[in-house]
Amino acid sequence: MNEIVEGFIEAIRLIVTLDPEVLEITVRSLVISLIATVLSAAVSIPLGSLLYLREFPGKGAVIGVIQTLYSLPTVIAGLFIFLLLSNAGPFGFLRLLFTPAGMVIAQTVLILPITTGLTIAALSGIGREVRDTLLSLGATEYQSILAILGEARFAICSALLLGFGRAISEVGAAMIVGGNIRGQTRILTTAISLETSIGNFSLSIALGIILLLLALGVNLSLALLGRWHH
Amino acid sequence: MMKPKIVFLLLACLVTALLVSGCVQQKAALRIATTTSLYDTGLLEEIERAYEEKTGTDLLITSQGSGKAIELARRGDVDLLLIHSPPEETAFMSAEDGLYHRCFAYNYFLLLGPPEDPADIKNLTAIGAFARLHQLGRSGNPDVRFVSRGDLSGTHHAEIRIWRSAGFNYTSDVQGSGRWYIETGKGMGESLQVANEKDAYILADTGTYLAFRSKLRLVPVIASDEELLNRYSAIVINPGRHQGTNDEDAKEFVNWLLSEEGKEILTSFGGDAYGAPLFTPLEEGICESEPFSCTCSLIP
């Protein structure tokens, strides 16, 4: 139990003193997961809109696959990307293994099903009659999609937040693809894993608290952005 | 909705990040895969500091357990392998995945157990102790349990070797021979905690034990038996088999590790944090003979 109390004290100390190594790890965690979230948004919003709007044979199966991939284990996502990026793999020549860019790719693949699936769900929540009304009022199809996306923005934002949450909290893929290299690819979760295996429990808990504060910061910024937008 | 401008800005950040990470790779960098027991002591961070300061070569160290470390080396994803599993080292070299093989340090595994020593093995040799643990465990003595890493790590391989030396067939006589033999499939630290919770015996490396000592009830029951020898080696990956691996910098690093300067760090490491040095560097003239039987001369 002591470790938990010490963890909180340690977290406060690390934050107040701006410990350079912890700061570096925190910033790296944030940047990698934010980029992964933005990339997956850039893919999943158009892809989700397309899947929602277009009717085609096998649509149900495609959505079923996407929803199944919500459960993709992080280690398996990491292993898959590792095998592609490894020196012996097809993309080994890119030299992306053990780099932050490789970790961005792994996290993007990991959260893409969630952001895509929940974008479809968000759009479905708006209902088809809104689109029909828009089209009957003379909107082009593109304008109608934008309008529906606008209506669904809160649900889509929460889909992206969930994706971000999965990205920043996962350790399996980051460990395999990033390698937890000090000063290069060490992020909060892999550092927590390392400190726990060395027995520095209070430091692990402190880093966990910092991770949650980071998530809180991202949530608040998004909420503020939403308010400022109105 | 998300403003296109913001998306554009973030994408610009991504491209910059990709370019920067690409540039970092251009600097002389040596990729090292290591077993966790070596990394978790903090030794490699100290070596990293000293070596980077001296040579400017960037050491990229990834520590993920012996099995994974060997696999990374076998795929050419790293330039150098640090390992403590002699049979696997031999196999690695005979598959021509390695160019040079040098042992550089050693210490001893410890057989830890409850302070009351319920199996009464503290005066036995390691082999004798293992035989007795097996006998008591199989006969259903409720106070005798053994926790194994069960993850084919260097420490697990050492444990398997001792079971074999004690005359057992590991897979048929030990694994699955009863509830007394507990396989965690986890790292050393986690396994130590399991053994501690269960009041079990466990084979551990010195470094992890010392790091966890304050959290453990278990104490060393048998130490510095020759059977418990733990030898650490470095293997330079063969660029002939794995294109693009950096054997030049790997060779230079190994030679530095074997130099007086490297030995000095190995000898002094651990005194402050653990109260006693954790590693003994291997010297030429000693390492070639039993029980080490390895090469520790500079790479030509």
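Which whole-number value in Å² is the accessible area per residue of the protein assembly as shown, probe 1.4 Å?
That works out to 44 Å² for each residue.
So which of B:Lys68/B:Lys251; B:Lys198/B:Lys263; B:Lys68/B:Lys263 end up more than 30 Å apart by C-alpha?
Too far apart for the 30 Å limit: B:Lys198/B:Lys263.
What order, most packed first, do the peptides B:281-288, B:84-91 have when packing is the mean number of other Cβ atoms within 10 Å of each residue?
Most protected by this proxy first, the peptides run B:84-91, B:281-288.
Given the options B:Gly176, B:Ala166, B:Asn123, identify the residue whose Cα lies farthest towards the positive end of the charge dipole of the range B:108-228 (+1 on Cβ of Lys, Arg; -1 on Cβ of Asp, Glu).
Selected residue: B:Gly176.
Please work out the Cα center distance from the range A:68-97 to the range B:246-296, rounded to the nearest Å.
35 Å
Please give the average number of partner chain Cβ atoms lying within 10 Å of the Cβ of each residue in A:30-42, rounded to a whole number.
Neighbouring Cβ atoms belonging to other protein chains average 3 per residue here.
Please report, in debye to the nearest 20, how large the charge dipole of chain A is about its Cα centre when each Lys and Arg carries +1 at its beta carbon and each Asp and Glu carries -1 there.
With Lys and Arg at +1 and Asp and Glu at -1, about 420 debye.
In debye to the nearest 20, how big a dipole does the protein assembly as shown give about its Cα centre with +1 on each Lys and Arg Cβ and -1 on each Asp and Glu Cβ?
2120 debye
I need the per residue convex hull volume for chain A, using only the alpha carbons, in cubic angstrom as a whole number.
Enclosed volume per residue, from the Cα hull, is 152 Å³.
Looking at the calculated P(r) for the protein assembly as shown, what percent of the C-alpha pair distances fall above 30 Å?
I get 56 percent for the Cα pairs in the protein assembly as shown exceeding 30 Å.
Just reorder B:Thr36, A:Thr190, B:Thr267 by solvent-accessible area, largest first, 1.4 Å probe, all chains present.
B:Thr267, B:Thr36, A:Thr190
Using only atoms on other chains, find how many Cβ atoms lie within 10 Å of each Cβ of peptide B:186-197 and report the average.
For this peptide, the per-residue mean of nearby foreign Cβ atoms is 2.
Mind checking A:196-203 for the average number of partner chain beta-carbons within 10 Å of each residue's beta-carbon?
Mean partner shielding for this stretch: 6.
How far is the Cα center of the range B:71-127 from the Cα center of the range A:126-141, in Å?
Value for the Cα centre distance between the two parts: 68 Å.
What percentage of the solvent-accessible surface of the range B:108-228, computed with a 1.4 Å probe over protein heavy atoms, is contributed by carbon and sulfur atoms?
Summing carbon and sulfur atoms, their accessible area is 45 percent of the total for the range B:108-228.
Sort B:73-80, B:234-241 by the packing proxy (mean of other Cβ within 10 Å over each peptide's residues), most packed first.
In decreasing order of mean packing, B:73-80, B:234-241 become B:73-80, B:234-241.
If you take the charge dipole of chain A about its Cα centre, with +1 on Lys and Arg Cβ and -1 on Asp and Glu Cβ, which of A:Leu162, A:Leu84, A:Gly138 is farthest toward its positive end?
A:Gly138
To the nearest 10 degrees, how steep is helix B:247-258 against the longest Cα principal axis of chain B, on a 0 to 90 scale?
50 degrees
Treating cross-link reach as a plain straight distance, find the aspartates and glutamates whose alpha-carbon is under 13 Å from the alpha-carbon of B:Lys186, omitting any fewer than eight places away in the same chain.
Those aspartates and glutamates meeting the cut-off are B:Asp151.
Quick one: net charge of A:Ile198's neighbours, Cβ under 14 Å, K/R +1, D/E -1?
Taking every other residue near A:Ile198 into account, the sum is -1.
Using packing as a proxy for protection, rank B:181-192, A:12-23 so that the peptide with the highest average count of other Cβ atoms within 10 Å comes first.
B:181-192, A:12-23
The values are calculated or read from the model by the stated rules, or taken from the named source; none is laboratory data. Predicted model, so just to flag it, every value in this text is computed and none were measured. With ideal geometry, Cβ positions are generated from the backbone for all residues, glycine too; neighbour counts draw on all protein chains shown. Accessible surface areas use protein heavy atoms only, side chains included; no ligands, DNA or RNA. Shrake-Rupley method; radii C 1.70, N 1.55, O 1.52, S 1.80 Å.
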